[in-house]
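The values are calculated or read from the model by the stated rules, or taken from the named source; none is laboratory data. Values in this document were obtained by computation on a predicted structure and should not be read as measured data. Neighbour counts are summed over all protein chains in view; Cβ atoms, including those assigned to glycine, are modelled from backbone coordinates with ideal geometry.
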Amino acid sequence: MLTVLCLQLESRYDLEVICDGQGDMPARLEKVGVRVRSLPLTSKWSFTASLPRLAAMVRGARPDVVHLHGQFAGSLGQIALSMAGRPRALYTAQWPSYLDDGGAWSRLRNKTAEQVSCAGARVVVVLSENDRKEFTRRGLCDPRKLQVIPNAYFVDSDPAPSRQTDRLLIGFVGRLVDQKGCEFLLRAAPHVLAEIPSARVVIVGDGPERPNLERLARELGIASAVVFAGYDPHPARRMREMAVLAIPSIYEPLGMVALEAMACEVPVVASAVGGLPEVVEEGKTGSLVPPRNPEALAAAILGILKSPGRAAAMGAAGLARARAGFSPEVISNRYAEVYDRLAATASS
């Protein structure tokens, strides 16, 4: 999301990004004239050790507004901002800390971190109305600071015109971790294959659960119908081929993959959790099903595979919804309004 904002807004603001320097983001931003400065910020320990240097960078830049992205930047970054003279800041909670709650200690740690992140920010952006309610219910943030701005879909270009669908291909895109619920798509697959034997499943992504998922596919007798395609940095190319995208997540703050699929005119079947019901419109752009329910997931997928006309209508509706409410232009303009408001306050 940071890349999207910078690419969209670099002509309107004097932008400077401080990050860990990893991935292709620095090169992409520097190509359009955004200054990128790198520090070892990949863990809480390296971030903590870098606080004096980070504070010095912020103090030297004298920004009108600082935008903090993510957990470490939100909490530890507030310490750096205090050391730098407390410039006005907004914080975007891309992954709320409570989603990582485990035992009593982690719940206390995560709540404290989120409260620190919110306390030092003038505006706290959450990705969904669901998150706004959770932040309020859990006492993490002054409700008056909260503003809902979803993420934008991010594809290298608008992919819709070149869509070529395999109308029996079921897709999954995401990290292969428990939270993404890929197991439940595999358990749904035998129900789909019993009615449409020529259907296929492609799993785009990688992660620690891949060996377990590959073993499960063999145990279920569906290995020949499932392709583990691995990580693809440009998944939109594969999404264009899918008849339907499954998002069987156990929890999800928003569902970036759902937005990207909609931007590719692909119907989505998703778990009705977190922010996904705010992205996927039941019966219009796809279907919502209970989490951890392979039977319901299979029934929704079959409903789309068996009705090409309905699937096409869902895809068109999804594209229209993505462009109207979640495009890089729309979301960047919403952030720009926040930047301008904070900057005006700083100069008054």
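In region 87-103, the qualifying residues are those that are free of Cβ contacts under 8 Å to residues at least 40 places away in the same chain and in a helix (DSSP H, G or I), and the one that is surrounded by the fewest Cβ atoms within 10 Å (Cβ to Cβ) is ASP100. For region 321-343, a residue qualifies if it is in contact with a helix residue (DSSP H, G or I) (Cβ under 9 Å, 6 or more places away or on another chain) and among the hydrophobic types (A, V, I, L, M, F, W, C), and the qualifying residues are ALA322, ALA324, PHE326, VAL330, ILE331, ALA336. Scoring ILE79 on the criteria (1) buried (at least 16 other Cβ atoms within 10 Å of the Cβ); (2) within 24 Å of the chain's Cα centre (by Cα); (3) hydrophobic (A, V, I, L, M, F, W, C) leaves a single failure, condition (2).
The residue that is surrounded by the fewest Cβ atoms within 10 Å (Cβ to Cβ), among those in region 224-259 that are among the hydroxyl-bearing types (Ser, Thr, Tyr) and under 30 Å from LYS133 (Cβ atoms), is TYR251.
Residues in region 159-194 that are in a loop (DSSP other than H, G, I, E, B), touching a Lys or Arg at 6+ places or on another chain (Cβ under 8 Å) and either modelled with pLDDT under 95 or of a type in the set (Phe, Trp, Tyr) (or both): PRO159, ARG163, GLN164, THR165, ASP166, LEU168. Within region 122-137, can one find any residue that is at positive phi and either part of a helix (DSSP H, G or I) or surrounded by 14 or more Cβ atoms within 10 Å (Cβ to Cβ) (or both)? Scanning region 122-137 turns up no residue that is at positive phi and either part of a helix (DSSP H, G or I) or surrounded by 14 or more Cβ atoms within 10 Å (Cβ to Cβ) (or both).
On the given criteria, is ALA270 assigned by TED's automatic domain parsing to the domain that holds PRO197 and outside any loop (DSSP other than H, G, I, E, B)?
Here the answer is yes, as ALA270 does meet what is asked.
When PRO233 is tested against (1) within 18 Å of the chain's Cα centre (by Cα); (2) more than 20 Å from GLN179 (Cβ to Cβ); (3) assigned to a helix (DSSP H, G or I); (4) not aliphatic (A, V, I, L, M), exactly one condition is not met: (3). Only residues that are surrounded by fewer than 20 Cβ atoms within 10 Å (Cβ to Cβ) and either outside the structural domain of ILE196 (by TED's automatic domain parsing) or under 23 Å from the mean Cα position of the chain (by Cα) (or both) were counted in region 292-316, giving 3.
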